[in-house]
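The values are calculated or read from the model by the stated rules, or taken from the named source; none is laboratory data. Predicted model, so just to flag it, every value in this text is computed and none were measured. Quick reminder, even Gly has a Cβ in these numbers, built from the backbone with ideal geometry, and neighbours come from all protein chains shown. With ligands, DNA and RNA removed, areas are computed over all heavy atoms of the protein, side chains included. Shrake-Rupley method; radii C 1.70, N 1.55, O 1.52, S 1.80 Å.
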Amino acid sequence: MTNDQSQMTTEEIRVRGTVQGVGFRPTVYRLAKVCGLRGDVCNDGEGVLIRASGTDASIEEFIKRLQQECPPLARINQLIRKRYQTEIVFHDFVISHSISSTVKTEIAPDSATCPQCQAEIFDFYSRWYRYPFTNCTHCGPRLSIIRAIPYDRCNTSMAAFAMCAECAKEYNDVENRRFHAQPVACHVCGPKATLERADGKPITASMFSMLDDIDAVCTLLQRGEIIAIKGIGGIHLACDATNDTAVQKLRQRKQRYHKPFALMARDLEIIEKYCTINNKERELLQSPAAPIVLLQVKELEKDKRQDTEIFPSPRSRVFQSPRLLPISPSVAPGQNTLGFMLPYTPLHHLILKRMSRPIVLTSGNFSDEPQCVNNDEAREKLSQIADYFLLHNREIVNRVDDSVVRVIGNQIQTIRRARGYAPAPIKLPSGFEQTPAILAMGGELKNTFCLLKDGQAILSQHLGDLENAATFTAYQNTLNLYLNLFEHKPEAIAIDKHPDYLSTKLGQELASANQIQIYSTQHHHAHIAACMAENNLPLDASPVLGIALDGLGYGEDDTLWGGEFFLANYRNFQRLATFKPVAMIGGEQAIYQPWRNTYAQLISAINWEEITSKYGNLEIIKFLENKPLPLLKQLVSKSINSPLASSVGRLFDAVAAAIGICREECNYEGQAAIEMEALVDRNNLKNHEVNQKYPFKINILDNIYCIDPSPMWKALLDDLQRQTNLELIATKFHIGLAQTIVNMVNYLSQQHHIKTVVFSGGVFQNSILLEQVTKYLKTSDINILTHSLTPCNDGGLSLGQAVIAAANIIK
């Protein structure tokens, strides 16, 4: 035996993380060859298993380069090395067949088209010229097509498409970036996209003189037609965003009358004509996740020769020269932001190649229903909305909505976590390593569920509002798919305390049927725990001051909470302060009719006779006088369908209605608050005097501190009587509320010796409020934690439920 041979060793290298379907095995193969190793690599249920034989130095070099040259979409969470005691003889380094075993690996999210694939679809001499399903190991579908792990073609919806000889050659060529790219396909062997008329009539060649069906879609959009387009995770409805007639037609047909539409533009240059984009927002738009990014609409000087608004609305301050086609005011009524995304599939890139203006790209459904995903469903449900369909024959296994994010204070805030982010796991903090398998059911609105095990949490994609029957059915189907996909057998189930949540009821049924321990978690504690977990606070961390402001959640005293200050850790909490509870007149009706909250707040703050005598000339008081006030007053006094709620979300609704925003009704959750936020002039905010704010007072209620907005209401009514500018009223409310929260935080943190403050709950999606609170607190010696990876709204609730249950199991 030679000296070199005597130094040969063999190691087993276990790699866990996002390492399947992302070009990891080809990278291992390439580096092993470069380092002179022999052995093999394969996928299995735990991730990737490598057996490498070589000198100690060559194996060390291989490990170092593997970590440095990890593929773009891959993520190594854990790398475990074990040396074999007996010699194993390998003659070469090869990629072996996948091994089925217990699932411990990750599934990669769907990823936007990489630059190389994008170049190929526009290269006339490329095999993928104008092919709408071009992909490689660096991009393309993942979660949306997978049925089972390991991530191999046979376990995806691409199993229906046998590779042609050319694709098979590239698939097996280790030097090619399509080496073992499971969805690889081309014009010859892959999925096909076809254009259909919604009325079923044939499309004749004389109708278009276009390159193909996809190019024809661009022409149809330019003509003002509405097109249903099947994408990567669902079917969208599209129209020209600058054609007001088309946008209004889409709203009427879809029955989505006010909620903002998402937009897609061919490139950043087009987006920059309408919105300001900072570096962080630019990075998000161009990232592999390619989410919808909420952007501030540009504020430009009027062209004195001719005024043409680019985003005209009653409160818009945006102008541009007439050469720029304005975005329809029906796209995002009452907003000063637009939600833009860039094309994230070859199909979208091809459609928009000739489109020099933005398009609406909104979910293919009737309002509040799940997005359509299959062709027959689309033809049945969308034929009365769309004029044409662009469909394809690759099955969407998992419905995945577009993600929505925004940047607040240079920090990313996730509003909806779905395509591009889910189901990438979230590594849990220290102390959660030995967590048993837990299933957390989530809330009622913006639902996600969470699978937690072995120190990591897998959140489902955004699933929607479970009060819709079709959404609840989709929720159950997705839950079953995840449980099977990840072979997750929960030992405990976590639910929200609210007894009427459908997710709570289903969790109770599952726990009973499987004789599993159930953990009931308080809604706002779960909000705070989710933020703690994503910010990596250890299990045994000192208690934090958690502030959870939202619409409502079920309280420990069986009342409705929504403006809470907790002393909290993962296991339990103590309620230190709240907002003054005010009646929700008519119960759930108060969520959709903001004037009810205005009336309830006013009679809680001021005697009605005093209001009518002093402020009877105000529009809001005249409006309320036309309502059945004696009946409403009786409902409140006798507590008939008028539960008390400490909800800051309802306070926002009340103030918005008082100044004329969504007074009669809201058409979607948070509409009134969002439109009032849009009223605040950010330029004036920078120079705003600290004394220009509405006052709140602090009382004691049931032995805890209570923020009372009564003085704010008197000041606001006085401003309305003085005909104060509505922008100033909205600004004074935001600043007054922010400083009141800050004052309470400073007082409680000093009283309880707290150094860390956590902000959660849907109200903190309000960028003005969050920016003001964090600005004022930065002068204090306080560590501020907010959400980034998960939504601060109920979309992050399941993570909090899961870690609370885990903490109580392993204590």
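Can you work out which of the residues in segment 106-128 that are free of Cβ contacts under 8 Å to residues at least 12 places away in the same chain and either assigned to a helix (DSSP H, G or I) or touching a strand residue (DSSP E or B) at 6+ places or on another chain (Cβ under 8 Å) (or both) is most open to solvent (accessible area, probe 1.4 Å)?
Residues of segment 106-128 that are free of Cβ contacts under 8 Å to residues at least 12 places away in the same chain, as a first pass: 115, 119, 123-126.
Right, trim to either assigned to a helix (DSSP H, G or I) or touching a strand residue (DSSP E or B) at 6+ places or on another chain (Cβ under 8 Å) (or both) and you get 115, 119.
Values: PRO115: 100, ALA119: 63 Å².
The qualifying residue most open to solvent (accessible area, probe 1.4 Å) is PRO115.
If you scan segment 140-152, which residues turn out to be in contact with a helix residue (DSSP H, G or I) (Cβ under 6 Å, 6 or more places away or on another chain) and either of a type outside the set (Val, Ile, Thr) or open to solvent by 60 Å² or more (accessible area, probe 1.4 Å) (or both)? Reasoning before the result, please.
Restricting attention to segment 140-152, the residues satisfying the condition of being in contact with a helix residue (DSSP H, G or I) (Cβ under 6 Å, 6 or more places away or on another chain) are 145, 147-148.
Matches in segment 140-152: ARG147, ALA148.
I need the helices (runs of 4 or more DSSP H) fully contained in segment 553-665, keeping only those with at least 1 residues that are small (Gly, Ala, Ser), out of contact with any Ser or Thr (no Cβ under 7 Å at 6 or more places or on another chain) and in contact (Cβ under 8 Å) with a residue 60 or more places away in the chain.
Numbers: elements: 589-592, 594-605, 608-615, 619-625, 629-637, 648-658.
Helices (runs of 4 or more DSSP H) meeting the threshold: 589-592, 594-605, 648-658.
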Do any strands (runs of 3 or more DSSP E) entirely within segment 25-105 hold 3 or more residues that are closer than 27 Å to ARG147 by Cβ, and if so, which?
-> 38-44, 47-54, 75-83
Collect the residues in segment 13-39 that are aromatic (Phe, Trp, Tyr) and either open to solvent by less than 10 Å² (accessible area, probe 1.4 Å) or touching a helix residue (DSSP H, G or I) at 6+ places or on another chain (Cβ under 8 Å) (or both), keeping them in residue-number order.
-> PHE24
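Let's see how each residue does on (1) more than 25 Å from ILE121 (Cβ to Cβ); (2) surrounded by 24 or more Cβ atoms within 10 Å (Cβ to Cβ):
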| residue | (1), (2) |
| --- | --- |
| GLY339 | yes, yes |
| THR345 | no, yes |
| MET355 | no, no |
| GLY364 | no, yes |
| GLN384 | yes, no |
Among the residues of segment 386-403, which ones are crowded, with 22+ Cβ neighbours inside 10 Å and of a type in the set (S, T, N, Q)?
-> ASN398, SER403
Screening ILE99, ILE63, ILE95, ILE59 for residues that are buried (at least 16 other Cβ atoms within 10 Å of the Cβ) and under 25 Å from ASN155 (Cα atoms) leaves only ILE95
Note on segment 366-382: residues surrounded by fewer than 17 Cβ atoms within 10 Å (Cβ to Cβ) and acidic (Asp, Glu) are ASP368, ASP376, GLU377, GLU380
How many residues, within segment 572-590, are open to solvent by 30 Å² or more (accessible area, probe 1.4 Å) and farther than 28 Å from VAL742 by Cβ?
-> 2
Going through segment 244-289 in order, the residues found to be β-branched (Val, Ile, Thr), open to solvent by less than 50 Å² (accessible area, probe 1.4 Å) and either over 30 Å from CYS114 (Cβ atoms) or modelled with pLDDT under 95 (or both) are VAL247
Has segment 514-523 got at least one residue that is closer than 18 Å to ASN783 by Cβ and more than 22 Å from the chain's Cα centre (by Cα)?
-> no
How many residues are touching a residue at least 40 places away in the same chain (Cβ under 8 Å), of a type outside the set (Ser, Thr, Tyr) and within 18 Å of SER111 (Cβ to Cβ) when one looks only at segment 270-294?
-> 9
Take GLN522 and decide whether it is open to solvent by 20 Å² or more (accessible area, probe 1.4 Å), farther than 21 Å from ALA108 by Cα and of a type in the set (S, T, N, Q).
-> no
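Specify which of the listed residues (SER356, SER328) is outside any strand (DSSP E or B), touching a strand residue (DSSP E or B) at 6+ places or on another chain (Cβ under 9 Å) and among the small types (Gly, Ala, Ser). Walk me through how you get there before you give the answer.
Working: SER356 fails: touching a strand residue (DSSP E or B) at 6+ places or on another chain (Cβ under 9 Å).
Result: SER328 is the single residue among SER356, SER328 that is outside any strand (DSSP E or B), touching a strand residue (DSSP E or B) at 6+ places or on another chain (Cβ under 9 Å) and among the small types (Gly, Ala, Ser).
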Within segment 40-53, track down each residue that is open to solvent by less than 10 Å² (accessible area, probe 1.4 Å) and either aliphatic (A, V, I, L, M) or under 13 Å from ARG81 (Cβ atoms) (or both).
-> VAL41, VAL48, ILE50, ALA52
Can you confirm whether segment 129-143 contains a residue that is part of a loop (DSSP other than H, G, I, E, B), of a type in the set (A, V, I, L, M, F, W, C) and out of contact with any Gly (no Cβ under 9 Å at 6 or more places or on another chain)?
-> no
Could you grab the pairs with beta carbons closer than 9 Å, sequence gap of 6+ or different chains, first residue in segment 204-219 and under 16 Å from SER356 (Cα atoms) and open to solvent by less than 60 Å² (accessible area, probe 1.4 Å), second one at pLDDT below 95 and not in a loop (DSSP other than H, G, I, E, B)?
-> ALA216/MET207
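To keep it simple, each residue is scored yes or no on (1) β-branched (Val, Ile, Thr); (2) farther than 19 Å from GLN574 by Cα.
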residue: GLN750; (1), (2): no, no
residue: ILE754; (1), (2): yes, no
residue: ASN766; (1), (2): no, yes
residue: LYS775; (1), (2): no, yes
residue: HIS787; (1), (2): no, yes
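Which is farther than 26 Å from GLY234 by Cβ and crowded, with 24+ Cβ neighbours inside 10 Å, of ASP496, ASP454? Outline the logic, then answer.
Numbers: ASP454 fails: crowded, with 24+ Cβ neighbours inside 10 Å.
Of ASP496, ASP454, the one residue that is farther than 26 Å from GLY234 by Cβ and crowded, with 24+ Cβ neighbours inside 10 Å is ASP496.
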Give just the number: which of (1) outside any strand (DSSP E or B); (2) in contact with a Gly (Cβ under 6 Å, 6 or more places away or on another chain); (3) open to solvent by less than 10 Å² (accessible area, probe 1.4 Å) does ALA533 not satisfy?
-> (2)
Please work out which residue is nearest to LYS775 (Cα to Cα), limiting yourself to segment 408-423 and to residues that are open to solvent by 20 Å² or more (accessible area, probe 1.4 Å) and in contact with an Asp or Glu (Cβ under 8 Å, 6 or more places away or on another chain).
-> GLY409
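Out of ALA185, ALA165, ALA198, I need the residue that is more than 30 Å from VAL293 (Cα to Cα) and open to solvent by 30 Å² or more (accessible area, probe 1.4 Å). Which one? Show your work before the answer.
On the way: ALA185 fails: open to solvent by 30 Å² or more (accessible area, probe 1.4 Å); ALA198 fails: open to solvent by 30 Å² or more (accessible area, probe 1.4 Å).
It is ALA165.
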Where a residue in segment 68-82 is more than 10 Å from THR18 (Cβ to Cβ) and its partner, wherever it lies, is outside any helix (DSSP H, G or I), with Cβ under 6 Å and at least six apart | PRO72/HIS138; GLN78/ARG16; LEU79/VAL15; ILE80/ARG14; ARG81/GLU11; ARG81/ILE13; LYS82/GLU12
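Can you confirm whether segment 509-523 contains a residue that is under 28 Å from LYS427 (Cβ atoms), among the small types (Gly, Ala, Ser) and in contact with a helix residue (DSSP H, G or I) (Cβ under 6 Å, 6 or more places away or on another chain)? It would help to see each step written out before you state the result.
Here is the first cut: in segment 509-523, the residues under 28 Å from LYS427 (Cβ atoms) are 510-511, 514, 516-523.
Filter once more, so that each one left must be among the small types (Gly, Ala, Ser): 511, 520.
Restricting the remaining residues to those that are in contact with a helix residue (DSSP H, G or I) (Cβ under 6 Å, 6 or more places away or on another chain) gives none.
No, segment 509-523 contains no residue that is under 28 Å from LYS427 (Cβ atoms), among the small types (Gly, Ala, Ser) and in contact with a helix residue (DSSP H, G or I) (Cβ under 6 Å, 6 or more places away or on another chain).
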